[in-house]
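The values are calculated or read from the model by the stated rules, or taken from the named source; none is laboratory data. Note that the structure is a prediction, hence the values are computed from the model and not measured. Here the Cβ positions follow ideal geometry from the backbone for every residue, glycine too, while neighbour counts run over all protein chains shown.
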Amino acid sequence: MLWVDKYRPRTLDKIIVHDEIAQNLKKLVSEQDCPHLLFYGPPGSGKKTLIMALLKQMFGPGAEKVKLENKPWKIDAGSRTIELELTTLSSTHHIELNPSDAGFQDRYIVQEIIKDMAKIRPLDAKGKKGFKVLLLNQVDKLSREAQHSLRRTMEKYSASCRLILCCNSSSRVTEAIRSRCLNVRVNAPTHEQIVKVLEFIAKKESLQLPPGFAARIASQSNRNLRRAILSFETCRVQQYPFTANQAISPLDWEQYVSEIASDIMKEQSPKRLFLVRGKLYELLVNCIPPEIILKKLLSELLKKLDFELKHEVCHWAAYYEHKMRMGQKAIFHIEAFVAKFMSIYKSFLIATFG
Amino acid sequence: MAPMALSSQPWVEKYRPKQVKDVAHQDEVVRVLTNTLETANCPHMLFYGPPGTGKTTTALAIAHQLFGPELYKSRVLELNASDDRGINVVRTKIKDFAAVAVGSGQRQGYPCPPYKIIILDEADSMTEDAQNALRRTMETYSKVTRFFFICNYISRIIEPLASRCAKFRFKPLSDEIMSSRILHICREEGLDLDSEALSTLGSIAQGDLRRAITYLQSAARLFGSSISSKDLISVSGVIPEEVVQAFLAACKSNDFDLADKEVGSIIADGYPVSQMLSQLLEVIVSANDISDEQKARICKRLGEADKCLVDGADEYLQLLNVASHTMRAFSNMPEEFQFE
């Protein structure tokens, strides 16, 4: 088992990083009156861990016995029926799904499935009607229409069904939904907290940590705890006992992007652009999300640039990322950014050195 | 044992005014509607205004007061955005309901006028086609049916529909009205709210009473019966003042890498960028040490970034772009790029 899963805290009491949030959640559950919740925060900050621990706190160990199902849904939408297949992860007390998987039909999923689910109310041991929890991932990817239809559904079925929403950026969740939930901001762990977690794992695994080693992993991880633990485990596999100045290998795609950046800096010509295109395709084929490529490329380029160019380049990066979101094919826009950069950089070179 | 769903309603529902005359701060609307109640005659109506000002409350209250609990089910059709409201529904469900004639006659002290009411909540999210399909329906059945449209943006209601209705604008609530409602709820729920927290609540809710009550309830759930202004800020998702100031300071320092670091930490802390933009706007517009031209440049960029965010652009890049443009405005660099 990977350390990331092995040392994932299972209960709210064992949570190290966000103990304050955990205590608040515990208080919420103990009052037996849980509002809808919206968790937001950057990746690797522990949203899912908090949610799973919360479910366990609510329902006891039953919440951990989950089964994976591929459920076909038939939805009657006026004149036609829509058939959808969606993967759900469910226990007796909760259902987890990713409604944005349904693409442009996500509106039907939200309307129908929640209504459907809310109709069947579970009974608890005393024969009283309890509630189920519906866990929706990536709500920020939901379409506007789907979010609109969520808002009334949330109020209507609040007696039998609680929603837990989970997303990266709450900017993309409409105000109407945000104002109906208790918002929980999950910030990325600080470097000190990551070091603390790494030391905790090292102690459990009885490993010797040289001083400063954990801090180096933490600073390379970009405040992403999952990534820190993964690279810690990679280091363990590569070399043990650790030495203080052991190299922490960066992810291979990041290395690849920084190679692209230095390619671009070296020569600005259509020929070089063609070469870069090949490399960009290589990254896209390996399923690296295009906006992450663009962001990484920008940060690599910014490292090498003069002050006055930085403003210009970051403006164009934002411009092309927006275009990419509006458009269909990512490669056009990344390539356009590279071409734009080349032309700016070239004219900068000409202006400076003649 | 599974936790049971207590009867603990959201306070927003619990303290929703049941009668038209209890609706706060919307005097003209209340006056017209009270008149309606006496004469039992009313036109089609269109309520518009910002969220949390009492539009839905008013519509539901008047429907209840006209028909009473017994007839309410058969006389009022309430549709909102969560129900399917495509053109099909307008052609079938709404039309069928509108076509049925009803008798009059007073019952148990309720006026019970001889018409039915169709409430279309969140009408601005209806498609244009569906709205067009309503036009003729409204006129044909105007003898037996009244329509209430409720929306936030009147510009999204097509002109032919708007011109068939009596329009009522709902104003954002003033601070005094808001505080008096909040204090009323605090008394009922046994909460202890000091005056500082009360004014904080007023400023973060910005005239939206529903939001204020929701924040109050969340804070009460998390922090118990005595609530400070810090607790309210933490549940409302408002970004602390220090963070915004640190961002501005980084922009003023004219050091790109410092600003980049600041942007990175804002993103990592999970603060929503749209919120950041609106708070920045407030700080910049009210600042004294920024010239008007600089303000204009920054605000223009803020608007563009907000639009991009709505389109789903990346938060980090947009905020970085705003930071870069702010920096250029502060150091009076030309707006055009040098090497374009």
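Identify, from the list A:VAL197, A:VAL133, the residue that is outside the structural domain of A:ALA22 (by TED's automatic domain parsing) and over 19 Å from the mean Cα position of the chain (by Cα). Show your work before the answer.
Details: A:VAL133 fails: outside the structural domain of A:ALA22 (by TED's automatic domain parsing).
After ruling out the rest, the residue left standing is A:VAL197.
Among the candidates B:ALA259, B:ALA296, which residue alone is farther than 27 Å from A:GLU291 by Cβ and part of a helix (DSSP H, G or I)? Can you show your working first?
Details: B:ALA259 fails: farther than 27 Å from A:GLU291 by Cβ.
Result of the check over B:ALA259, B:ALA296: B:ALA296.
Return the only residue of B:ILE150, B:ILE158, B:ILE177 being more than 21 Å from A:SER179 (Cα to Cα) and β-branched (Val, Ile, Thr). Even if it seems obvious, please write down each step before you answer.
Details: B:ILE150 fails: more than 21 Å from A:SER179 (Cα to Cα); B:ILE177 fails: more than 21 Å from A:SER179 (Cα to Cα).
Matching residue, one of B:ILE150, B:ILE158, B:ILE177: B:ILE158.
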Legend entry - Top-ranked residue in the stretch A:30-50 [being more than 7 Å from chain B (Cβ to nearest Cβ) and free of Cβ contacts under 8 Å to residues at least 60 places away in the same chain; ranked as surrounded by the fewest Cβ atoms within 10 Å (Cβ to Cβ)]: A:SER30
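Could you please find all residues in the stretch B:37-60 being more than 14 Å from every other protein chain (Cβ to nearest Cβ) and either surrounded by fewer than 22 Cβ atoms within 10 Å (Cβ to Cβ) or touching a His at 6+ places or on another chain (Cβ under 9 Å) (or both)? Break it down into steps so the answer makes sense when it comes.
In the first step, residues of the stretch B:37-60 are kept if they are more than 14 Å from every other protein chain (Cβ to nearest Cβ); the result is B:37-49, B:54, B:58-59.
Across the stretch B:37-60, the qualifying residues are B:LEU37, B:GLU38, B:THR39, B:ALA40, B:ASN41, B:CYS42, B:PRO43, B:HIS44, B:GLY49, B:GLY54.
Table: residues versus (1) surrounded by 15 or more Cβ atoms within 10 Å (Cβ to Cβ); (2) β-branched (Val, Ile, Thr).
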{"residue": "A:ALA247", "(1), (2)": "no, no"}
{"residue": "A:ASP252", "(1), (2)": "no, no"}
{"residue": "A:TYR256", "(1), (2)": "yes, no"}
{"residue": "A:VAL285", "(1), (2)": "no, yes"}
{"residue": "A:LEU294", "(1), (2)": "yes, no"}
{"residue": "A:ALA318", "(1), (2)": "yes, no"}
{"residue": "A:HIS322", "(1), (2)": "yes, no"}
{"residue": "A:HIS333", "(1), (2)": "yes, no"}
Inset, instruction - Among the residues of the stretch A:220-245, write down those that are polar (S, T, N, Q) and either loosely packed, with under 11 Cβ neighbours inside 10 Å or over 21 Å from the mean Cα position of the chain (by Cα) (or both). - result: A:THR234, A:GLN238, A:GLN239, A:THR243, A:ASN245
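Looking at the structure I just gave you, is A:LYS329 touching a Leu at 6+ places or on another chain (Cβ under 7 Å) and free of Cβ contacts under 8 Å to residues at least 60 places away in the same chain? Break it down into steps so the answer makes sense when it comes.
Values: touching a Leu at 6+ places or on another chain (Cβ under 7 Å): no; free of Cβ contacts under 8 Å to residues at least 60 places away in the same chain: yes.
Judged against the criteria, A:LYS329 is not a match.
Kindly establish whether A:VAL4 is part of a helix (DSSP H, G or I) and either surrounded by 14 or more Cβ atoms within 10 Å (Cβ to Cβ) or not hydroxyl-bearing (Ser, Thr, Tyr) (or both). Before you say what the answer is, go through the steps one by one.
Working: part of a helix (DSSP H, G or I): yes; either surrounded by 14 or more Cβ atoms within 10 Å (Cβ to Cβ) or not hydroxyl-bearing (Ser, Thr, Tyr) (or both): yes.
In short, yes.
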Inset, instruction - Would you confirm whether any residue within the stretch A:76-94 is within 14 Å of another protein chain (Cβ to nearest Cβ), closer than 29 Å to B:SER234 by Cα and touching a residue at least 40 places away in the same chain (Cβ under 8 Å)? - result: yes
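Here's the yes/no breakdown for (1) of a type in the set (S, T, N, Q); (2) buried (at least 18 other Cβ atoms within 10 Å of the Cβ); (3) not in a strand (DSSP E or B):
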site: B:ILE185; (1), (2), (3): no, yes, yes
site: B:GLU196; (1), (2), (3): no, no, yes
site: B:THR200; (1), (2), (3): yes, yes, yes
site: B:ARG210; (1), (2), (3): no, yes, yes
site: B:TYR215; (1), (2), (3): no, yes, yes
site: B:ASP231; (1), (2), (3): no, yes, yes
Legend entry - Condition met for B:ASP314 (of a type in the set (Asp, Glu) and more than 27 Å from the chain's Cα centre (by Cα)): no
Inset, instruction - Please give the number of the condition B:LEU309 fails out of (1) within 9 Å of another protein chain (Cβ to nearest Cβ); (2) within 18 Å of B:PHE247 (Cα to Cα). - result: (2)
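A quick yes/no check of all residues on (1) more than 15 Å from A:ILE164 (Cα to Cα); (2) modelled with pLDDT of 75 or more; (3) in contact with a helix residue (DSSP H, G or I) (Cβ under 6 Å, 6 or more places away or on another chain):
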site	(1), (2), (3)
A:GLY103	yes, no, no
A:TYR108	yes, yes, no
A:ILE114	no, no, yes
A:LYS129	yes, no, no
A:LYS132	no, yes, no
A:LEU135	no, yes, no
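Assess whether A:LYS323 counts as being farther than 16 Å from B:PHE339 by Cβ, within 10 Å of another protein chain (Cβ to nearest Cβ) and out of contact with any strand residue (DSSP E or B) (no Cβ under 7 Å at 6 or more places or on another chain).
Values: farther than 16 Å from B:PHE339 by Cβ: yes; within 10 Å of another protein chain (Cβ to nearest Cβ): yes; out of contact with any strand residue (DSSP E or B) (no Cβ under 7 Å at 6 or more places or on another chain): yes.
When the stated conditions are applied, A:LYS323 passes them.
If I go through the stretch B:230-287 residue by residue, how many of them are among the charged types (D, E, K, R) and under 26 Å from the mean Cα position of the chain (by Cα)? Write out each step before concluding.
At the first step, the residues of the stretch B:230-287 found to be among the charged types (D, E, K, R) are B:230-231, B:241-242, B:252, B:255, B:257, B:260-262, B:269, B:282.
From the residues that got through so far, the ones that are under 26 Å from the mean Cα position of the chain (by Cα) too are B:230-231, B:241, B:282.
Residues that pass the stated criteria total 4.
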Legend entry - the stretch B:265-288 residues that are facing chain A (nearest Cβ under 9 Å), paired with ones that are among the polar types (S, T, N, Q) (beta carbon under 6 Å, 6 or more apart): B:ASP269/A:ASN187; B:GLY270/A:ASN187; B:PRO272/A:SER170; B:PRO272/A:SER171; B:VAL273/A:SER171; B:SER274/A:SER171
Inset, instruction - Tell me, yes or no, whether the stretch B:269-285 has at least one residue that is within 30 Å of A:ASN224 (Cβ to Cβ) and touching a Pro at 6+ places or on another chain (Cβ under 8 Å). - result: yes
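Quick grid of which residues meet (1) surrounded by 18 or more Cβ atoms within 10 Å (Cβ to Cβ); (2) within 24 Å of A:VAL186 (Cβ to Cβ); (3) touching a helix residue (DSSP H, G or I) at 6+ places or on another chain (Cβ under 9 Å):
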{"site": "B:GLN245", "(1), (2), (3)": "no, yes, yes"}
{"site": "B:PHE256", "(1), (2), (3)": "yes, no, yes"}
{"site": "B:ASP260", "(1), (2), (3)": "yes, yes, yes"}
{"site": "B:ILE290", "(1), (2), (3)": "yes, no, yes"}
